[in-house]
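Worksheet for the structure shown next.
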Amino acid sequence: MALIDSHCHLDFARLGNVEQILAQANAVGVTQFVVPSVDKNNWREVLRLARQYQPIHAALGVHPYFLAADNQLPQLAQLATNQRENIVAIGEVGLDGAISAPLTQQLDVLLPQLKLASDLNLPLICHAHKAYDPLLKQLRRHNVGAGGVVHGFSGSLVQATEFIKLGFKLGVGGVITYPRAKKTRQVIATIGLEHLVLETDAPDMPICGQQGQINTPSNLVYIATTLAELIEQPIEVVIQKTSENSRYLFDL
């Protein structure tokens, strides 16, 4: 059965040769890849990768880490509309409580992207580091009918439940491979598989034992194996259900 990496940045130069990365991933059963963009500087590159490599699926958005004086949101809306059939989500978008940009500035960039996702009936790929409650508040106010995924989820069970109520999946990544991440492991183990998708966030968020190394989509196998152990289910069940979730969410 085929694994789907629902969040990896294959356009980042640190990863190296894309064809080699895809070949290594395919060798261990990772066969599809959702690649979110982060700002105006890589929208075209992410689209190019998706055109060149059939297993790659593009998303367009502006990440809160990459806010600029001109985020070109009108250009994003035009590009996403023109490329509607070639993208699977709006993202990576969201809020971050650990960066210097004030929340008001982040909201000025997030809200037009929520509207864009709604207008195009596309799911969102959401970043919410230390900002789960503010993001929930905005998602409740601005309905996004196609739902989305909360990338790298490490919040509480209450927060997880609230995102699920809004039609969102939770992205499960390398954090669960760290035994010290007890809270996140417990929350993820409590949530039903029908609400989870797997991701690596390559080249970032390395798995336990690979700290300081470049993360790759091949490591999705270790994440899936850890999840299977946490919920005491066969690995085949984890792969089948999480891949079904990604295919349904992103219409792959």
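The values are calculated or read from the model by the stated rules, or taken from the named source; none is laboratory data. Remember, predicted model here, so these are calculated numbers, not experimental data. Every residue, glycine as well, gets a Cβ built from its backbone with ideal geometry; the counts of neighbours run over all protein chains shown.
Would region 57-79 turn up any residue that is under 30 Å from Arg180 (Cβ atoms) and in contact with a helix residue (DSSP H, G or I) (Cβ under 7 Å, 6 or more places away or on another chain)? Yes, region 57-79 has at least one match.
Candidates Phe33, Phe66: the one that is more than 24 Å from Asn245 (Cα to Cα) and either touching a residue at least 40 places away in the same chain (Cβ under 8 Å) or among the aromatic types (Phe, Trp, Tyr) (or both) is Phe66. Note on region 163-175: among residues that are assigned to a helix (DSSP H, G or I) and crowded, with 23+ Cβ neighbours inside 10 Å, the one that is farthest from the chain's Cα centre (by Cα) is Phe163.
Comparison of Val237, Val221 shows that the only residue that is part of a helix (DSSP H, G or I) and either under 28 Å from Glu19 (Cα atoms) or under 17 Å from the mean Cα position of the chain (by Cα) (or both) is Val221.
This table checks each residue for (1) closer than 22 Å to Val149 by Cβ; (2) among the charged types (D, E, K, R); (3) at pLDDT below 95.
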{"residue": "Val46", "(1), (2), (3)": "yes, no, no"}
{"residue": "Arg51", "(1), (2), (3)": "no, yes, no"}
{"residue": "Pro55", "(1), (2), (3)": "yes, no, no"}
{"residue": "Tyr65", "(1), (2), (3)": "yes, no, yes"}
{"residue": "Pro74", "(1), (2), (3)": "no, no, no"}
{"residue": "Ala80", "(1), (2), (3)": "yes, no, no"}
{"residue": "Val88", "(1), (2), (3)": "yes, no, no"}
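In region 113-125, the count of residues that are assigned to a strand (DSSP E or B) and closer than 26 Å to Arg141 by Cα is one or more. The residues of region 206-245 that are within 21 Å of Arg14 (Cα to Cα) and surrounded by fewer than 18 Cβ atoms within 10 Å (Cβ to Cβ), listed by number, are Cys208, Gly209, Gln210, Gln211, Gly212, Gln213, Ile214.
Taken across region 176-190, residues that are over 20 Å from Ala58 (Cβ atoms), surrounded by fewer than 19 Cβ atoms within 10 Å (Cβ to Cβ), touching a Gly at 6+ places or on another chain (Cβ under 6 Å) and without any contact (Cβ under 8 Å) to a residue 60 or more places away in the chain do not occur at all.
Once region 1-59 is narrowed to residues that are charged (D, E, K, R) and crowded, with 16+ Cβ neighbours inside 10 Å, the residue that is nearest to Tyr222 (Cα to Cα) is Asp5. Listed by first and then second residue, the pairs linking a residue in region 96-111 that is assigned to a helix (DSSP H, G or I) to a residue that is surrounded by 13 or more Cβ atoms within 10 Å (Cβ to Cβ) and polar (S, T, N, Q), with Cβ atoms under 9 Å apart and 6 or more places separating them unless they lie on different chains, are Leu107/Gln138; Asp108/Asn71; Val109/Asn71; Leu110/Gln138; Leu111/Gln138. Which ones in region 61-82 are surrounded by fewer than 15 Cβ atoms within 10 Å (Cβ to Cβ) and either among the hydroxyl-bearing types (Ser, Thr, Tyr) or out of contact with any Asp or Glu (no Cβ under 8 Å at 6 or more places or on another chain) (or both)? Within region 61-82, Ala69, Asp70, Pro74, Gln75, Gln78, Thr81, Asn82 qualify. Filtering region 1-40 to residues that are closer than 24 Å to Ala68 by Cα, in contact with a helix residue (DSSP H, G or I) (Cβ under 8 Å, 6 or more places away or on another chain) and among the charged types (D, E, K, R) leaves Asp11, Asp39, Lys40.
Give the residues of region 163-175 that are β-branched (Val, Ile, Thr) and touching a residue at least 60 places away in the same chain (Cβ under 8 Å), sorted by residue number. Listed by number, the list holds a single entry, Val172.
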